[in-house]
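Contents: one structure, followed by commentary.
The values are calculated or read from the model by the stated rules, or taken from the named source; none is laboratory data. These numbers come from a predicted model, not from an experiment. Virtual Cβ from ideal backbone geometry, glycine too; neighbours counted across all protein chains shown. For the accessible areas, the whole protein counts, side chains as well, though only heavy atoms, and no ligand, DNA or RNA atoms are used. Shrake-Rupley method; radii C 1.70, N 1.55, O 1.52, S 1.80 Å.
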Amino acid sequence: MIPPVVECIRAAKSFGPTRAVEDVSFAVGPGEVVGFLGSSGSGKTTLLRLIAGFETVSAGEVRIADKVVSSPYDHVPSERRNVGVVFQEYALFPHLTVAENVEFGLGKLSRHERRRRSGRVLEMVRLDGMGRRYPHQLSGGEQQRVALARTLAPRPVTILLDEPFSNLDASMKSEMRREVCEILKESGATAVFVTHDREEAFAMADRVAVLQSGRLEQIDSPSALYHSPATPLVAKATGACDFLPGRIRGGRAVTDFGSLAVAACSGGLREGTEVDVLIRADDLQLAPDPSAAAVVTSREFRGDEVLLAVRTPSGATVHCRRHHYSTLECETRVRLFPVRSEPFVAFPRRPGA
Ligand SMILES: Nc1ncnc2c1ncn2[C@@H]1O[C@H](COP(=O)(O)OP(=O)(O)OP(=O)(O)O)[C@@H](O)[C@H]1O
Ligand SMILES: [Mg+2]
């Protein structure tokens, strides 16, 4: 079996009383791109710093290319880990040209080899011909690509990226995402990036790991996380959603507008269990029906769609996406029906939740 390139085994880091990273285990395979998704303060940067070797672990292990590089007893310094890091503020040296910036980390190689490598990576990031410019003569996106080229040039075993696009505007961001993704795949690099932006995580990562308060909630493909989240927290982190109360009867969740097929979830769903059924805005459709008990309570025109909020008889609110030409107005009584092809995901209701 091919060993993982990066592996954390029950890794933890505390700063005094703050547990920034707790009991985190995962493995990243060769050529894989894994994105950590978490809100501010969830431990994303700390985790990258543990892998890079800028921090020591309080417990557990970090392994790179099957060697322990961090444990409470061992710490291989950052410069001996062969890891490339792209930070949020991708500080280029302002007094060096683009080519010199890229060649900076290649000190051990001959001059000829340095030139050859920097030429090759600049081509890869589509900046060939710009080697003689200085950073201030580049756009933000171009500077970002130089930073990436500089990181790729020494051929690190893995690349770590900390919120690499947070300085860019929205349109630039999606273009850069696509480009960086292509560059990573083309170079065969193994990469770990962190972000608080789920679109970014979904667009770039082969697998996404949801981080919350320093803990890893779930790691899986973007579609598996979205469709089959293991916890309500992962459901919320991966997209807008509502929770509809129900009770398990005959293997289905009985709700106040009908019974829904549910997937068996962790912990099992015994007969009579009270559950919260996860509803995404595409899961239900509606039809006007004056005799129905559900009612449209708000209507938000979003340009490419209309988002309706519907109150069910028990007082729960679910959202439904409609075509942008939809004329359904507030106060309309509607019948709800499921249009999801897969069974719904239901979470056992915790007492007091
Ligand atoms: N050097 C430090 N000393 C003390 N506490 C720290 C230190 N570094 C991080 N922390 C704390 O650890 C927690 C995680 O911080 P971290 O920087 O990893 O979060 P993050 O997910 O990267 O957040 P952001 O999205 O805001 O960058 C926070 O509560 C933070 O205050
Ligand atoms: Mg951070």
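When Rg and the Kirkwood Rh are both derived from Cα coordinates, the Rg/Rh ratio for the chain amounts to 1.07. Dividing the summed -39500 (n - 2.57) terms of all DSSP H runs of n ≥ 4 by the residue count of the chain sets its mean residue ellipticity at 222 nm at -6500 deg cm²/dmol.
If you take the alpha carbon atoms of segment 238-289 and fit the smallest convex hull around them, that volume is 93 Å³ per residue. Just to confirm the number: angle between the C-alpha axis of helix 111-124 and the first principal axis of the chain, 0 to 90 degrees, nearest 10? Compared with the principal axis, the helix lies near 20 degrees. Each principal axis of the Cα cloud of segment 1-78 was taken in turn, and the coordinate range along them, longest first, works out to 39, 29, 20 Å.
Between the helical axis of 140-152 and the longest alpha-carbon principal axis of the chain there is an angle of about 60 degrees.
Using Cα centres only, tell me the gap between segment 123-167 and segment 229-250 in whole Å. Taking the Cα centre of segment 229-250 as reference, the centre of segment 123-167 is 40 Å away. Ranking Tyr226, Pro94, Thr238 by Cα position along the charge dipole of the chain, where only Lys, Arg, Asp and Glu carry charges on their C-beta atoms, puts Pro94 farthest toward the positive end.
Helix 170-187 and the longest principal axis of the C-alpha atoms of the chain enclose an angle of approximately 60°. Taking 0.36 nm per residue of separation and subtracting the current Cα-Cα distance, fully stretching the chain between Ser40 and Leu307 would add 93.3 nm.
Kirkwood-type hydrodynamic radius, segment 241-348: 14.2 Å, calculated from all non-identical alpha-carbon pairs. Between Asp282 and Glu123, full extension at 0.36 nm per residue minus the direct alpha carbon distance yields a gain of 53.0 nm. At full extension, Lys185 and Glu271 could sit 26.2 nm farther apart than now, given 0.36 nm per residue minus the alpha carbon distance.
Packing, as the average of other Cβ atoms within 10 Å across residues, places the peptides 27-40, 68-81 in the order 27-40, 68-81, highest first.
If R0 is 41 Å, the Cβ-Cβ spacing of Phe87 and Arg335 corresponds to a FRET efficiency of close to 0.20. Of the listed pairs Lys44/Lys67; Lys44/Lys236; Lys108/Lys185; Lys67/Lys173, which have alpha-carbon separations greater than 24 Å here? From the list (Lys44/Lys67; Lys44/Lys236; Lys108/Lys185; Lys67/Lys173), the Cα-Cα distance tops 24 Å for Lys108/Lys185; Lys67/Lys173.
Pairs of Cα atoms nearer than 8 Å and 6+ residues apart set the relative contact order; for the chain it is 15 percent. What FRET efficiency comes out for Ala261 versus Arg133 if R0 is 45 angstrom and r is the Cβ-Cβ distance? Round to the nearest 0.05. It comes to 0.15.
Label-to-label distance, Arg115 versus Ser298, with points set 7 angstrom from Cα along the beta-carbon direction: 6.3 nm.
Using the Cβ-Cβ distance between Met172 and Ser78 with R0 set to 30 Å, the FRET efficiency works out to roughly 0.50.
When a 1.4 Å probe is rolled over the protein heavy atoms, the share of accessible surface on the chain that falls to carbon and sulfur comes to 50 percent. Toward the positive end of the charge dipole of the chain, with +1 on the Cβ of Lys and Arg and -1 on the Cβ of Asp and Glu, the farthest Cα among Pro288, Gly258, Met124 is that of Met124.
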